[in-house]
Amino acid sequence: MNTKTNLSARHIMQHFSPDFQRSPAPKMYVFDCLDSTNTWLKDNGDCGVVCIAEQQTAGRGRRGRQWLSPRAENIYCSVKWCFEVTPEQLSLLSLVVGLSIAKALQKIGLTGHGVKWPNDIFWQGEKMGGILIEGISSNSSLHQQEVVIGFGLNVNMPKSSGETIDQPWVSLHHAMGDTLDRNQLLAFILEFLINDLQCFDRLDSKRFQHDWRYWDVLYGQNVLILQEQQERSGIVDGIDDQGRLAVKLMSGQLAYYTSAEIRLKK
Ligand code: BTN
């Protein structure tokens, strides 16, 4: 496998399963360079369109952070998805996407990875990828809810390219000891993701809570919860049926978080 293999829609499609190849192919745009695949899809592309870039000059992460996006080393991809009726469990969407990616990583042979609430992909305590979901205000009466689902995954990025990243991170190359074919990996991710999105409005939230537990790297862990200048400690007790993080605080009280920064205690 060769790091220098460029991303292309044709190569990605070759890796779809026969079943998935029989269904209408997702429309994919592969760019050499964009500011951000999320930003591009906010202004362009129909529902179901996939946007991929070899490099991003203004890649965005959660909480206004920058997402380092050097050329031809990683995966930077976004999917525009439209729901005709706003799904009841929309708050679970980013968690569902996390599991789609985790399952694809398992399919390429990675072990020891999981999801860190709300939407980081982790491998042995270090961040391998992240998800940024943004809503679009829809002008069309056909769609109640349009979202852009963006994900970035560190694939073949060497330590020297990621020196400015301000948290512990890891690439798949390091985790697997091999250079990965990004076309194949993207095909696996897109297939899991699109299948999961197509079933999303029928998601059984209890069943999902159970599936989340399997991949949850925080479950039972001692964590620091940083929220609005406050710092608290507790032990993670999974998620509830709305995707909120459940934490047993030092006081014994169970608290639920919809947004907070969670750090694993050493
Ligand atoms: C995070 O963990 O903070 C989320 C990172 C999301 C990065 C991806 S890369 C593709 C898409 N385009 C962007 O500008 N951001 C997302």
Judged on accessible area alone, 1.4 Å probe, highest first, E54, E231 line up as E231, E54
In the neighbourhood of V147 defined by beta carbon distances under 14 Å, the net charge of the other residues (Lys, Arg +1; Asp, Glu -1) is -4
Measure of exposure for T86: accessible area at 1.4 Å probe, Å² rounded to 10, is 60 Å²
So L226 and E163, fully extended at 0.36 nm per residue minus their Cα-Cα distance, gain in nm 20.2 nm
From DSSP H assignment alone, runs of 4+ in the chain each adding -39500 (n - 2.57), the sum over residues rounded to the nearest 500 puts [θ] at 222 nm at -7000 deg cm²/dmol
Descending accessible area (1.4 Å probe), largest on the left, turns M13, M28 into M13, M28
Carbon plus sulfur, as percent of the 1.4 Å-probe accessible area of the chain, comes to 46 percent
Interchain or sequence-distant (5+) residues whose placed amide H lies within less than 5 Å of the amide H of Q66 are G61
So, with points 7 Å from each Cα along the Cβ direction, the D196-Q106 label distance in nm works out to 1.1 nm
Cys in the chain lacking any partner Cβ under 4.7 Å -> C33, C51, C77, C199
Cα extents of the chain along the principal axes, largest first, in whole Å, come to 55, 48, 33
Karplus-derived 3J(HN,Hα) from phi for region 189-199 (6.51 cos²θ - 1.76 cosθ + 1.60, θ = phi - 60°), whole Hz, x at Gly and Pro, runs 4, 5, 5, 4, 5, 5, 4, 5, 5, 5, 9
Note to self: C-alpha centroids of region 100-132 and region 1-40 sit apart, in Å, by 20 Å
Counting only protein heavy atoms and rolling a 1.4 Å probe, one gets per residue an accessible area for the chain in Å² of 50 Å²
Rounded to the nearest 0.05, FRET efficiency between Q253 and R22 (Cβ-Cβ, R0 51 Å) equals 0.50
Probe 1.4 Å, all chains present, heavy atoms only: F122 accessible area in Å², nearest 10, is 20 Å²
Of the listed pairs K42/K80; K107/K206; K127/K265; K116/K248; K116/K266; K103/K127, those with alpha carbons more than 19 Å apart are K107/K206
The distance between the Cα centres of region 194-257 and region 52-92, in whole Å, is 22 Å
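The values are calculated or read from the model by the stated rules, or taken from the named source; none is laboratory data. Bear in mind that the values here come from a model prediction, so they are computed numbers and not experimental data. With ideal geometry, Cβ positions are generated from the backbone for all residues, glycine too; neighbour counts draw on all protein chains shown. Side chains are part of the model used for accessible areas, which takes the heavy atoms of the whole protein and leaves out ligands, DNA and RNA. Shrake-Rupley method; radii C 1.70, N 1.55, O 1.52, S 1.80 Å.
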